[in-house]
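For reference, the structure is listed below as structure tokens.
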């Protein structure tokens, strides 16, 4: 029999970026807030200190910071007609866990989306006509615009100490930045990262071909920085152990470095870790949440009553929690009725391995998580698609986040997978090879969705999340086109071998691509086709808010976290200035 | 093979505060210890015939050449032994609830064998295959070894329930890991693989070097075990 | 690598007792010129008025034991050269070193840097320090301190403080007094460093003494 605890004002499920920031904002107004985190406490000291943290086997290969797959896996199938089977180990994407969530082990690639992204359907129809889209695509408008979110992007970037150079300051194009970015109201808080050798070579080649290279914006500090919360971060030393690892230098923006110490000081906030939330409880009307049930590490179950529930447990877990709790109607791709689980999307990644002459020592192991020189010329709708027959695009990045040897030992095509020749090729090419990274839009599609698995369960006996996903044909055509363009830049760099490697289907869970899982609890203006309104409030249960990349109706070319930051502060504002004053539907 | 949701007390204990380089004495858990690194560790999992097969096989996968040692000399078999004896080998990092069904290639590993079981079954089957012919893998001339490994890699051979290409990919993956991982895990002896490719290792402050494009960094690689502190210091290092 | 014994060309009276007069070097033949030039300047100074380095830093790079002058033996040549250039340009301030460095030509800077880099540091007995202080220093060096928001020193300064060549200097065996003074210089912004600014600021006074004590007694490998 679960023990019922004393009621609190707010329960936050999942204490990552979204959970930390929302908890801090609400606790600061005087509300009492409980943060429930299923993972462990971890801090920069001792948990992220080098050299122990620079353990590629433990953290990259064995996924040391990731969700415990033995207790909480997911099932997967490409097609609706197939039987989904468990992902018995994480490979293609790596959901995190633990205090700080993915904010601990992300790279720090911090982007804004384009103006067009937020009105993507309207934009595409207006520019290319209603008949342009493949019939199975389901792209939608967000119901909130870039202009509305701009001040909140700014706030998040200053919280994180983002490093970059503005390319579009209030409509004026600036030298040195991204001329194709959406307009921003002020400069980045810190100057850009130091450029890598590979990036410099790419910069020249891309410029020669008429493109507009710039340094990727980064949540890795480029100088000592004190953020608006009064927390000081140190400059990044380009150690090459960023994604999948915690940062030893207090140089990567993570909840631990940018906000948690402030949150933890507030007596209104209580953190409970190793607390597995099982479901959000609803009253008999089904329209009001009464709190959550969770289980602690000793296996004891508690009911935590609360007036307001914030679901911030990472995109995929958010969708699962809604399904387990019966909030919103589950999506059925056959009937296209229902909303929870619909519009699941991803990131369409491709690569151009670029083998350079052996006297060019790239030193790719010298890298910040967001190192890279980029062109935005082929992202989203930054180029004319009329004659091309697809929508979407990729940013093209050259640089490295690491050259950790188990993960990175490129060999040219035709090299055997093992033996003397393989060994020689690895030795010869390790320090002279750049891999372009193309990060592509992912269009929502009728048959890509999330629901609950009928067979497989987690350690608490609850159904696993089931993912049904394959790349829409549109996105594969897009990938072919942009990857081909990127290969031209590689050839312009004087490479000896260039491998044009677009994304091809089917999507496989067996090799890493990206942890940009989006959708499933999407934002929108119409409750028939979205789960949350423009304030991230669920249509069905007004005292439940969901903030995560699960809100995205489709995924843009860019890494999602920057936009999530904007949504977090936008939602915080809506909670503080509207909801708390008049609890109830905000739309 | 099904386990109840709360039968993981030992693994939870493992997860609650130990790191790979702690000096804890859980059997099969600690890799080559910081305080007393030894290049050859008492075998923990592999039996003699498994060792012999693996030593010969990994040496074909990453052979020695005139200048650089190969997988055998780098201690890859030692690495595999330790891994199979530990959490990973025992399947404690995999979701192992049934039902087990054959999946599509996109669905990845779906066999019910733990990594250690997979190794054991496959190598037993391979060794049995050779002993019926009065031979053993390690005694074959190199070209025949390579031919046999290639036949495993191609697939189509059943190794007592393990498809041979699944075993081969597994073996190759572990060989590469054992060659290139930090020496605290028992392989990459003397950081030989890192020296070969020019990877400087686990100590990596490049603030002053990253913008010196093309600088040749000719320094001894440094690994996690190089900064061993006093025993009380090592006991303090915790975290997840 | 061949070991060459380099003997003094001239015998100079050195005003400190016990200084070693013979150094070992591992000189690559192609660098012998630079090394010879460096050796000469270390012994005699330059005609430009740069005082002989050995006067303060010793022929053996161990200085005079007071900690007023840093140990240079075995320090990375690129780091030494960078510091000399910083003194010459004024971006690193020191009343003694600035005029000396200004008086050195480029090749001379490289030469003296190579000279001191080629020396093997001696394992000298360290100054007195309580076990408690050294233990605290070791903790900061290998683990950092969360409440101070300070990372482990060794994440940049290398295993047991042996440095990360070529850019991050060794601290192992360096005089604790010298280390303390330098941290104070970083702390007060007199010596400028993006990387050292915050750690120097965040360490408390007793922590500075602790890391200095720890590193002085940390052992360095005697071969490269």
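Table for the structure above
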| quantity | calculated |
| --- | --- |
| DSSP bridge pairs, chain A: antiparallel proportion in percent, nearest 5 | 65 percent |
| Residue order, fewest to most beta carbons within 10 Å, for A:212, A:516 | A:212, A:516 |
| Ascending count of other beta-carbon atoms within 10 Å, so fewest first, for B:167, A:132 | A:132, B:167 |
| Share of alpha-carbon pairs per 10 Å distance bin for the stretch B:84-240, given as whole % | 8, 25, 27, 22, 15, 3, 0 |
| Fraction of beta bridges assigned by DSSP in the protein assembly as shown that are antiparallel (%, nearest 5) | 70 percent |
| Largest-first ellipsoid semi-axes for the stretch A:417-535, taking √(5λ) over the Cα gyration tensor eigenvalues, angstrom | 38, 22, 12 |
| Whole-number Å³ per residue for the convex hull built on Cα positions in the stretch C:131-217 | 81 Å³ |
| Approximate spin-label separation residue A:285-residue B:67, in nm, with each point projected 7 Å along Cα-to-Cβ | 7.7 nm |
| Peptide-level mean, for A:66-73, of C-beta atoms on other protein chains within 10 Å | 4 |
| Orientation-averaged projected area, Cα convex hull of the stretch B:79-154 (nm²) | 6.7 nm² |
| Average partner coverage of B:186-197, which counts Cβ from other chains inside 10 Å | 2 |
| Likely footprinting exposure, A:550, A:239, C:153, fewest C-beta neighbours within 10 Å first | C:153, A:239, A:550 |
| For the stretch A:22-167: rounded, prolate or oblate by the Cα gyration tensor [a/c cutoff 1.5] | oblate |
| Shape box of the protein assembly as shown [Cα atoms, principal axes, largest first, Å] | 97, 79, 63 |
| Mean Cβ count within 10 Å, highest first, over the residues of peptides A:20-26, B:192-198 | A:20-26, B:192-198 |
| Neighbouring partner chain Cβ atoms per residue of A:419-429, average, 10 Å criterion | 5 |
| Three-way shape label, the stretch C:52-99, alpha-carbon gyration tensor, a/c 1.5 | oblate |
| Helix-derived mean residue ellipticity, 222 nm - over chain A, DSSP H n ≥ 4, -39500 (n - 2.57), to 500 | -6000 deg cm²/dmol |
| Peptides ranked, highest mean first, by Cβ atoms within 10 Å: ranges A:67-76, C:197-206, A:136-145 | A:67-76, A:136-145, C:197-206 |
| Cubic angstrom per residue, convex hull over Cα atoms of the stretch A:218-272 | 88 Å³ |
| Mean-position separation - Cα centroids, the stretch A:1-71 and the stretch C:156-213, in angstrom | 33 Å |
| Compactness of chain A as Cα Rg over 2.2 N^0.38 Å, two decimals | 0.92 |
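Throughout, read-outs are computed from the coordinates displayed, never taken from laboratory work. Because the structure is a prediction, the values reported are computed rather than measured. A quick note on method: Cβ atoms are made from the backbone with ideal geometry, for glycine too, and the neighbour counts reach across all protein chains shown.
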